[in-house]
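A.B. asks: Take a look at the following structure, please.
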Amino acid sequence: MTELEKCNAGLDYTYADEELIARKSRAIRWCEEYNAIDGEDYEAQYAHLKKMLGGVGERVWIAKTFNCDCGKNIFIGNDFTGNFNLTILDIREVYIGNHVMIGPNTLITTVGHPLSPKARRGYGAFAKPVRIGNDVWIGGNVTILPGITIGNNVVIAAGAVVTKDIPDNSLVGGVPARLIRELENDVEE
């Protein structure tokens, strides 16, 4: 298997691989192009997001500066706002539902590295998809770690570090993020 195939299969892989480096270089170029678009040219921003991401719904906007590792592994639903300095390390897939807001300086990462220094010296990595449901508000300075699933109608308080899955209808906060209380869902269909 290639390193990319290992990564996509959920196996440990080596990130210092030509194919993975080329994919990241393409994403860096796309992000530079996106971040260079006039901040008031929403049509050009949207068109560029549709080119660089795996899937983009209607009324999707991401503020500058936006950074990602691949781009094509990001799938965003309708009515999405990503505030300033959003970073999505999408070595694996990131699925974002409808009616999602993400505060500034937030990191969503699908990639992690081994605890072993020998394995890290060998450029070891692992990657797991992240899933974010509908009607989610992620506060500023939040970090979401690999493999996390966030349910529907969730609020994540500013500064939280999400290390475990979050069920529907939850307000969470802290480091690591913990349930603060349940939320009413007043838009259930």
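The values are calculated or read from the model by the stated rules, or taken from the named source; none is laboratory data. Just so it is clear, the model here is predicted, and its values are computed rather than measured. Virtual Cβ from ideal backbone geometry, glycine too; neighbours counted across all protein chains shown. Surface areas here come from the heavy atoms of the whole protein model, side chains and all, with no ligands, DNA or RNA. Shrake-Rupley method; radii C 1.70, N 1.55, O 1.52, S 1.80 Å.
A.B. asks: Using the per-residue mean of other Cβ atoms lying within 10 Å as a proxy for protection, in what order, highest first, do the peptides 32-44, 172-184, 143-155 fall?
C.D. replies: Averaged packing, sorted descending, gives the order 143-155, 172-184, 32-44.
A.B. asks: While we're here: If N is the number of residues in the range 141-189, what value comes out of its Cα radius of gyration divided by 2.2 N^0.38 Å? The partial results should precede the final answer.
C.D. replies: Details: Rg = 10.5 Å, N = 49, 2.2 N^0.38 = 9.7 Å.
My calculation over the Cα atoms of the range 141-189 gives 1.09.
A.B. asks: Looking only at the range 40-189, where both bridge partners belong to it, what percent of the DSSP beta bridges are antiparallel (to the nearest 5)?
C.D. replies: Looking only at bridges with both residues in the range 40-189, the antiparallel portion is about 15 percent.
A.B. asks: On a 1.4 Å probe surface of the protein chains, which of 123, 95 comes out largest in accessible area, and what is the full order?
C.D. replies: My answer, sorted largest first, is 123, 95.
A.B. asks: Please label the shape of the chain as rounded, prolate or oblate, based on the square roots a ≥ b ≥ c of the eigenvalues of the alpha-carbon gyration tensor (a/c under 1.5 means rounded; beyond that, a/b larger than b/c means prolate, else oblate).
C.D. replies: The shape class here is oblate.
A.B. asks: Also: Hey, which of these cross-link pairs are over 28 Å Cα-Cα: 51/118; 24/118; 24/50?
C.D. replies: From 51/118; 24/118; 24/50, over 28 Å: 51/118.
A.B. asks: Sticking with this structure for a sec: Run the helix sum for the chain: -39,500 (n - 2.57) per DSSP H stretch of 4+ residues, divided by residue count, reported at 222 nm to the nearest 500 deg cm²/dmol.
C.D. replies: The per-residue figure over the chain is -6500 deg cm²/dmol.
A.B. asks: Pulled fully out, how much extra length does the chain show between residue 183 and residue 19, if you take 0.36 nm times their separation in residues and subtract their Cα-Cα distance?
C.D. replies: Taking 0.36 nm per residue and subtracting the Cα distance, the gain is 54.7 nm.
A.B. asks: Can you put 101, 1, 52 in order of accessible area, largest first, using a 1.4 Å probe? Numbers along the way, then the final one.
C.D. replies: Values: 101 100, 1 140, 52 0 Å².
If we order 101, 1, 52 from most to least accessible, we get 1, 101, 52.
A.B. asks: Give me the one-decimal nm value for the distance between modelled label points at residue 164 and residue 65, 7 Å along each residue's Cα-to-Cβ direction.
C.D. replies: For the pair residue 164/residue 65, the computed spacing is 3.5 nm.
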